[in-house]
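K.L.:
Okay, handing you the structure first.
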């Protein structure tokens, strides 16, 4: 059996960023925290933390952290069940669920789809924003219980469920679209690459995917603006600073924008990866996420035989 105090010490060190802050959070001495971690490492026969300027968990430590978070969620659900029918229980118990999601999904379909569940069951979201090609790293490290990702293969100890497809269009202000066309109205790749692209962050590869899929161009060079916030990104496109890839769910809010190459889109298949063993609250969230995706995303079609 794992020692609960040792596990909590491990979690506190990672969550608070060091042994000293962990000792303060647990109201014990620094030596006691160190001893608990050392005893846990000796019991398991492997290192759980990488000590340095920034303390971080090893892969084994990450697996234990995920276990600790699962236990916390299950205990919170158990307490809610035990106290739910008790008289005089006026205090609302809020429960926090950590997830990793790409910014377009958060704004476009995720929050609208789970809002009712959060309010009904007094759930709090701790959202980590990252590119959809990278959100699974937070699940692997044990920082979150689920993620919206492009990774279709389930990671160890997790389940990968198909959500749907987000379709992106290459959009720009009318003046930018005009500059990308020849006098006869055809789109010129040379003229397009002369215009700056608006890119969400340095992990964002949607514009490169667009150029490869529709122009056969790999590793293209072009000027770039970086705007790592949805509102800032779309405002930059709207102001004519350049062209950008926008999900179709956002287009009704920007009716003045035009497609640079009408009908040429980039489809991104999304999956919900989550722990295989979920607490009741996490199960409810998974069900709500899947329902929201069915309503708001395009279906994923299997590849042709």
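K.L.:
So which of 227, 197, 232, 236 ends up being within 17 Å of residue 106 (Cα to Cα), in the same structural domain as residue 171 (by TED's automatic domain parsing) and surrounded by 15 or more Cβ atoms within 10 Å (Cβ to Cβ)? Spell out the reasoning first.
P.N.:
Values: 197 fails: within 17 Å of residue 106 (Cα to Cα); 232 fails: surrounded by 15 or more Cβ atoms within 10 Å (Cβ to Cβ); 236 fails: within 17 Å of residue 106 (Cα to Cα).
Every option except 227 fails the conditions.
K.L.:
Of all the residues that make up segment 135-154, how many are more than 8 Å from the chain's Cα centre (by Cα) and in a loop (DSSP other than H, G, I, E, B)?
P.N.:
10
K.L.:
Are any of the residues in segment 49-59 within 22 Å of residue 276 (Cβ to Cβ), modelled with pLDDT of 85 or more, surrounded by fewer than 18 Cβ atoms within 10 Å (Cβ to Cβ) and within 30 Å of the chain's Cα centre (by Cα)? Steps first, answer last, please.
P.N.:
Step one: filter segment 49-59 for residues within 22 Å of residue 276 (Cβ to Cβ), giving 57-59.
Now drop any that are not modelled with pLDDT of 85 or more, which leaves 57-58.
Subsequent filtering for residues that are surrounded by fewer than 18 Cβ atoms within 10 Å (Cβ to Cβ) retains 58.
From the residues that got through so far, the ones that are within 30 Å of the chain's Cα centre (by Cα) too are 58.
So far as segment 49-59 goes, yes, one or more of its residues are within 22 Å of residue 276 (Cβ to Cβ), modelled with pLDDT of 85 or more, surrounded by fewer than 18 Cβ atoms within 10 Å (Cβ to Cβ) and within 30 Å of the chain's Cα centre (by Cα).
K.L.:
Quick one: which residue in 118, 111, 124 is more than 20 Å from residue 266 (Cβ to Cβ), in contact with a strand residue (DSSP E or B) (Cβ under 7 Å, 6 or more places away or on another chain), at pLDDT 90 or above and assigned to a helix (DSSP H, G or I)? Even if it seems obvious, please write down each step before you answer.
P.N.:
Working: 111 fails: in contact with a strand residue (DSSP E or B) (Cβ under 7 Å, 6 or more places away or on another chain); 124 fails: assigned to a helix (DSSP H, G or I).
Going through 118, 111, 124 in turn, just one is more than 20 Å from residue 266 (Cβ to Cβ), in contact with a strand residue (DSSP E or B) (Cβ under 7 Å, 6 or more places away or on another chain), at pLDDT 90 or above and assigned to a helix (DSSP H, G or I): 118.
K.L.:
Moving on to the next point. Taking residue 271 as meeting all but one of (1) in contact (Cβ under 8 Å) with a residue 24 or more places away in the chain; (2) in a helix (DSSP H, G or I), write down the number of the exception.
P.N.:
Answer for residue 271: the failing condition is (2).
K.L.:
Among the residues of segment 85-97, is any modelled with pLDDT of 85 or more and within 30 Å of residue 227 (Cα to Cα)? Lay out the reasoning, then the answer.
P.N.:
Restricting attention to segment 85-97, the residues satisfying the condition of being modelled with pLDDT of 85 or more are 95-97.
Keeping just the survivors that are within 30 Å of residue 227 (Cα to Cα) gives 96-97.
Yes, the conditions are met somewhere in segment 85-97.
K.L.:
Can you report the number of residues in segment 173-196 which are part of a helix (DSSP H, G or I) and either farther than 11 Å from residue 261 by Cα or touching a strand residue (DSSP E or B) at 6+ places or on another chain (Cβ under 6 Å) (or both)? Explain how you work it out, then say what you get.
P.N.:
Of all residues in segment 173-196, those part of a helix (DSSP H, G or I) come to 174-179, 189-194.
Next cut, either farther than 11 Å from residue 261 by Cα or touching a strand residue (DSSP E or B) at 6+ places or on another chain (Cβ under 6 Å) (or both) only: 174-179, 190-191, 193-194.
Result for segment 173-196: 10.
K.L.:
Considering only residues that are farther than 16 Å from residue 246 by Cβ and in contact with a helix residue (DSSP H, G or I) (Cβ under 8 Å, 6 or more places away or on another chain), which ones fall in segment 167-179?
P.N.:
Within segment 167-179, 179 is the sole residue that qualifies.
K.L.:
Identify all residues within segment 11-31 that are surrounded by fewer than 18 Cβ atoms within 10 Å (Cβ to Cβ) and under 17 Å from residue 143 (Cα atoms); write none if there are none. It would help to see each step written out before you state the result.
P.N.:
Taking segment 11-31 as the starting set, the residues that turn out to be surrounded by fewer than 18 Cβ atoms within 10 Å (Cβ to Cβ) are 15-18, 20-21, 24-25, 27-31.
Once the filter is applied, which keeps residues that are surrounded by fewer than 18 Cβ atoms within 10 Å (Cβ to Cβ) and under 17 Å from residue 143 (Cα atoms), segment 11-31 yields 15, 16, 17, 18.
K.L.:
While we're on this one: May I ask you to list the residues in segment 197-208 that are out of contact with any helix residue (DSSP H, G or I) (no Cβ under 9 Å at 6 or more places or on another chain) and outside any loop (DSSP other than H, G, I, E, B)?
P.N.:
Scanning segment 197-208 gives 206, 207, 208.
K.L.:
Can you go through 261, 217, 251 and tell me which one is part of a loop (DSSP other than H, G, I, E, B), touching a strand residue (DSSP E or B) at 6+ places or on another chain (Cβ under 7 Å) and surrounded by fewer than 21 Cβ atoms within 10 Å (Cβ to Cβ)?
P.N.:
Details: 217 fails: touching a strand residue (DSSP E or B) at 6+ places or on another chain (Cβ under 7 Å); 251 fails: part of a loop (DSSP other than H, G, I, E, B).
Going through 261, 217, 251 in turn, the sole match is 261.
K.L.:
Take segment 274-286 and flag every residue that is assigned to a helix (DSSP H, G or I), surrounded by fewer than 22 Cβ atoms within 10 Å (Cβ to Cβ) and in contact (Cβ under 8 Å) with a residue 60 or more places away in the chain. Talk me through it step by step, then tell me what you get.
P.N.:
Going through segment 274-286, the residues assigned to a helix (DSSP H, G or I) turn out to be 280-286.
This time we only want the ones that are surrounded by fewer than 22 Cβ atoms within 10 Å (Cβ to Cβ), so: 280-281, 283-284, 286.
Selection gives 280, 281, 284, 286.
The values are calculated or read from the model by the stated rules, or taken from the named source; none is laboratory data. As the structure is a prediction and not an experimental result, all values here were calculated from the model. Cβ sites come from the backbone with ideal geometry, for glycine too, and all protein chains shown count toward neighbours.
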